[in-house]
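Notes follow once the structure below has been shown.
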Amino acid sequence: MSNTIDKNPIWKSLETEAETMKETHLKALLQDSDRCRALVAEHEGIILDYSRQNVVPGTMDKLFDLASAAGLQQKMNAMKSGAHINNTEDRAVFHIALRAPKGTSLILDGQDVVPEVHAVLDRIADFSDRVRTGKWIGATGKKLTSVVAIGIGGSFLGPEFVFEALRTDKDASAGASGRTLRFLANVDPVVIARALQGLDAESTLVIIVSKTFTTAETMLNARTLKKWLLDNIKNAASADIIRQHIVAVSTAIPKAVEFGISAENVFGFWDWVGGRYSVCSAVGALPLALQYGFPIVQEFLKGANNMDNHFFNAPLRANLPVLLGLLGVWNASFMGYNSRALLPYAQALVRFAAHIQQVDMESNGKRVANDGTYLPYECGEIIFGEPGTNGQHSFYQLVHQGRVIPAEFIGFVSSPNPVHLDGEVVSNHDELMSNFFAQPDALAYGKTIDELKAEGVPAHLHTHKEFPGNRPSLTLLFPELTPYSCGQLLSLYEHRVAVQGFMWGINSFDQWGVELGKVLANKVRTQLSTARTSGAAINGFNPSTTFLLQKYLSK
Ligand code: F6P
């Protein structure tokens, strides 16, 4: 039997604590101003208010005791020291090195990796500058003003999140003037039509982003776009088209070369960067530098590095990723809440939830401990989210009166795009933030039948209009959304995932669960090919899949 953390007496005591906290309404807890003041942490103007969690300071003491029992600090140190904590793949988890400043050092297997990180960043700075200024041109002499980044999962979601987050940043949007960046992830051919709409092949650069350079979707999309370039660029040699219009980001440089891309057009990274943690490598840095200019990427990396330093150096009790992680464990393992909503009150974070969904669920959606024994408890949470206020007009009904879903409200003091109409009582940003401040209280306090009676609500509507309240949330208030704070936000959520994994005693850095479906798709692909080319009968599938495949092929 595995020596999992639930065997520790402190786990039992937290289970008892949870029983008490379930009976203690947040309405009562929020009356205690000392408690509220105690449940706030701040780093560089980023405020984390967790007073709307079902905890009292004593609960936090117990959670920190659990953290000691789980060896949280030692595991964080091991991560920072470059130990191979991804034990099933025998790899270090070292994405922090991707944003370590020049001149610092981080040692992995006896070698300082920071110089090689910066060698690639320097190449990105140089290449993106040449493309943006027209020193690097297309095969027919045109400036490359459009970029299509092909990649999926971690080779897509992080870059897309940051791309969206910075679109309205003043400096980033100035840098993007006259430029287009599109992403091509899904293998659905519709996405090709959408990504290429209005693009001129002669002025388009294609980046193939794939850590392994084997992912089926990415490779088919890459072959499709290579053909699109070759078909649509006339009067140029194929070799020139490929050399000038296709570059790659990968750890598998020989495979990229096999595809036809010369080694000097491949931007490398390393197996110690997990796909979902790779946005700070060339995976994100290259497309973002091409779109916004390299200085924006540098700011983003600086912000991520700042949060890394906070994570590794701040005392655990004042440590934002640690606090988020412990509260995640509290809600999932003790309060019994298996999902979590990410609710940025910032449209620029429109793809934040999608990115964190992969970072979190691919990392912590596990069922065995590090040593491979089955876990006696569930871990991982179902992550979803949508920017406020859009979400309010969608799934908040369920959040207020249906299931209890711990919510994380993320807001900004100032807007990158301020609007205040004459005659309006508040600016548009204040209107947005009125909702940001109101929703957590609505969730926490709810509304009683007595209050409804006092308002004269007819009796037959009382239970319909009643809000039970006592629904936990936390608030993260940032000064503003900039490339720098976007980096901080990314690192904050990356590290909170690690904290939860460290607490649960799992390997958050492998992803064996995505393999089986890929293998079965290979079998279906072969069947579809033989059925279409030689009329081969459906063979080797269960009755349901056989029936569905027959239907699919019958047209
Ligand atoms: O879906 C599994 C996965 O391996 C992710 O972890 C990864 O981010 C994605 O596929 C893409 O992989 P690659 O960058 O190797 O194409």
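Entry remark, the range 99-117: residues being of a type in the set (D, E, K, R) and touching a Lys or Arg at 6+ places or on another chain (Cβ under 8 Å) number 1 in total. Taking residues in the range 285-296 that are at positive phi, and partners anywhere that are open to solvent by less than 10 Å² (accessible area, probe 1.4 Å), the pairs with Cβ atoms closer than 9 Å and at least 6 places apart or on different chains are Gly293/Ser128; Gly293/Ala172. Residues of the range 144-163 that are open to solvent by less than 10 Å² (accessible area, probe 1.4 Å), within 12 Å of the ligand (Cβ to nearest atom) and within 11 Å of Phe183 (Cα to Cα): Ala149, Ile150, Gly151, Pro159. Restricting Glu408, Glu378 to those that are of a type in the set (Asp, Glu) and either modelled with pLDDT under 95 or open to solvent by 50 Å² or more (accessible area, probe 1.4 Å) (or both) reduces the list to Glu378.
Per the listing Arg525, Arg532, Arg496, Arg471, the residue uniquely basic (Lys, Arg) and under 30 Å from Pro295 (Cα atoms) is Arg496. Ala176 meets the stated requirement of being aliphatic (A, V, I, L, M), more than 16 Å from the ligand (Cβ to nearest atom) and open to solvent by 10 Å² or more (accessible area, probe 1.4 Å).
Cβ separations smaller than 7 Å between residues 6+ apart or across chains give the following pairs from the range 259-277 residues that are part of a helix (DSSP H, G or I) to residues that are more than 14 Å from the ligand (Cβ to nearest atom) and open to solvent by less than 20 Å² (accessible area, probe 1.4 Å): Asn265/Val247. One residue alone among Leu205, Leu230 is open to solvent by less than 10 Å² (accessible area, probe 1.4 Å), touching a helix residue (DSSP H, G or I) at 6+ places or on another chain (Cβ under 7 Å) and either modelled with pLDDT of 95 or more or away from the ligand (no atom under 16 Å from the Cβ) (or both), and that residue is Leu205. Could you tell me which residue of the range 382-395 is farthest from Met503 (Cα to Cα), considering only residues that are open to solvent by less than 10 Å² (accessible area, probe 1.4 Å) and out of contact with any Phe, Trp or Tyr (no Cβ under 8 Å at 6 or more places or on another chain)? Ranking the qualifying residues of the range 382-395, first place goes to Gly391. Looking across Ala28, Ala18, one residue alone is surrounded by fewer than 16 Cβ atoms within 10 Å (Cβ to Cβ), farther than 30 Å from Gly487 by Cα and hydrophobic (A, V, I, L, M, F, W, C). It is Ala28.
Do the conditions hold for Lys255, that is, is it within 12 Å of the ligand (Cβ to nearest atom), of a type outside the set (Ser, Thr, Tyr) and under 20 Å from the mean Cα position of the chain (by Cα)? No; evaluated as a whole, the condition is false for this residue.
If the condition is being surrounded by 14 or more Cβ atoms within 10 Å (Cβ to Cβ) and within 9 Å of the ligand (Cβ to nearest atom), then the range 209-227 contributes Val209, Ser210, Lys211, Thr212, Phe213, Thr215, Glu217, Thr218, Met219. Test Thr218 against the stated conditions and say whether it is at pLDDT 95 or above, part of a helix (DSSP H, G or I) and touching a strand residue (DSSP E or B) at 6+ places or on another chain (Cβ under 8 Å). Judged against the criteria, Thr218 is a match.
The residues in the range 516-538 that are assigned to a loop (DSSP other than H, G, I, E, B) and aliphatic (A, V, I, L, M) can be counted, and the count is 3.
Note on the range 419-477: residues that are within 38 Å of the chain's Cα centre (by Cα), assigned to a loop (DSSP other than H, G, I, E, B) and among the hydrophobic types (A, V, I, L, M, F, W, C) amount to 4.
Scanning the range 506-513 for residues that are of a type in the set (Phe, Trp, Tyr), within 16 Å of the ligand (Cβ to nearest atom), closer than 30 Å to Gly71 by Cβ and open to solvent by 10 Å² or more (accessible area, probe 1.4 Å) turns up at least one hit.
Figure legend. Inter-residue proximity from the range 344-357: first residues crowded, with 24+ Cβ neighbours inside 10 Å, second residues charged (D, E, K, R), beta-carbon distance below 7 Å, spacing 6+ or different chains. No pairs are indicated. Restrict the check to the range 300-319 and report whether at least one residue is within 14 Å of the chain's Cα centre (by Cα) and open to solvent by less than 10 Å² (accessible area, probe 1.4 Å). There is at least one residue in the range 300-319 that is within 14 Å of the chain's Cα centre (by Cα) and open to solvent by less than 10 Å² (accessible area, probe 1.4 Å).
No other residue among Ala236, Ala248 is modelled with pLDDT of 95 or more and surrounded by fewer than 24 Cβ atoms within 10 Å (Cβ to Cβ) apart from Ala236.
The values are calculated or read from the model by the stated rules, or taken from the named source; none is laboratory data. Given the structure is predicted, the values throughout are model-derived calculations rather than measurements. When we count neighbours, we look across all protein chains shown, and the Cβ atoms used for this are built from the backbone with ideal geometry, even at glycine. Remember, those area values only see protein heavy atoms, side chains included, never the ligands or the DNA or RNA. Shrake-Rupley method; radii C 1.70, N 1.55, O 1.52, S 1.80 Å.
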